[in-house]
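Bear in mind these aren't lab numbers, they're just calculated from the coordinates by the rules spelled out. On a predicted model such as this, the values are computed, not experimentally measured, just so you know. Using ideal geometry, Cβ is built from the backbone for each residue, glycine included, and neighbour counts are taken over all protein chains shown.
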Amino acid sequence: MHSSRGVEVVRCEVTGNGASPPAGTAYMHSGVFLTSTQACRVRDSVVVGNTGTGIRVAASADTEVVGNNVSANAGNGVWLLGSTGVTVVGNTLTRNGLYGVAVEADSTGNSIYDNVFVWNQAGNALDACGDNRWDDGTRTGNMWAPYDGRAKYIIPGPGHAVDNFPRPATPVSPVAAALTVSGSVVVLVVLPVMLGLWGRRDS
């Protein structure tokens with residue numbers, strides 16, 4: 001989605017997206033790519049097995065990425081680039097080829113909490129910017145595996161970010177989702193990939 005406002009992608013399945021991007025573009029096989037958008041939402045969806053980023057949010061503001069299963073993508077699970085006011089909450093981010101969530105390119109003022117991070121290959125999270133929150137400020141951080149039990153979870157990267165309320169992740173059943181699209185057209189190439197997914201537990 002490009003230059004959109006108020007669009008929702010709800011209960012959508014985006015898997016196995018490996019079609020070649022147009023020459024000279026930066027889409028790079030993302031499952032969902034929001035660029036120059038405002039007040040958009042991606043929620044309750046399955047974004048699995050894409051050959052690039054799961055959900056990419058670039059040059060966007062006031063966006064919600066909530067309650068999604070973003071797993072086994074070749075790149076980052078969720079990638080924030082030059083975006084502000086993005087809320088990343090309640091997602092399952094497992095076994096992605098790079099980071100579960102990567103925050104880069106002057107992305108500040110974002111909130112990332114109550115997510116499950118499990119065994120993403122480059123690391124569960126990266127904050128290269130700072131001025132982002134990795135907990136809700138009161139009692140809820142993220143769930144991590146591996147997790148060494150320390151009171152604070154240091155987010156790698158030059159942003160020096162901290163999750164002040166980390167918890168260990170625990171295995172549950174894979175997440176299932178129905179396919180619906182709200183407010184936009186999404187082109188899907190479906191190839192089911194469900195590889196040892198982990199998920200959220202009740203707090």
Stretched fully, the stretch from ASP131 through VAL162 gains (0.36 nm per residue minus C-alpha distance, one decimal, in nm) 10.1 nm
If you stretched the chain out fully between THR87 and ILE154, how much longer would it get, using 0.36 nm times the residue separation minus the C-alpha to C-alpha distance?
22.2 nm
Taking R0 as 25 Å and r as the Cβ-Cβ distance between TRP119 and GLN38, the FRET efficiency 1/(1 + (r/R0)^6), rounded to the nearest 0.05, comes to 0.15
Antiparallel %, DSSP beta bridges [both residues in segment 96-168], to 5
15
The base-10 log of I(q)/I(0) that the Debye equation returns for segment 34-136 at q = 0.16 Å⁻¹, one scatterer per C-alpha, is -0.55
Listing CYS40, CYS129 from the residue with the fewest other Cβ atoms within 10 Å to the one with the most, what is the order?
CYS129, CYS40
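May I ask you to compute the full-extension gain from ALA105 to THR140, defined as 0.36 nm times their residue separation minus their alpha-carbon distance, rounded to one decimal in nm? Intermediate results must be reported in sequence, preceding the final value.
Working: separation 35, 0.36 × 35 = 12.60 nm, distance 2.62 nm.
That works out to 10.0 nm of additional length.
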Just going by the charge dipole of segment 18-166, with Lys and Arg at +1 and Asp and Glu at -1 on Cβ, which of SER60, VAL118, ASN164 is farthest out on the positive end?
VAL118
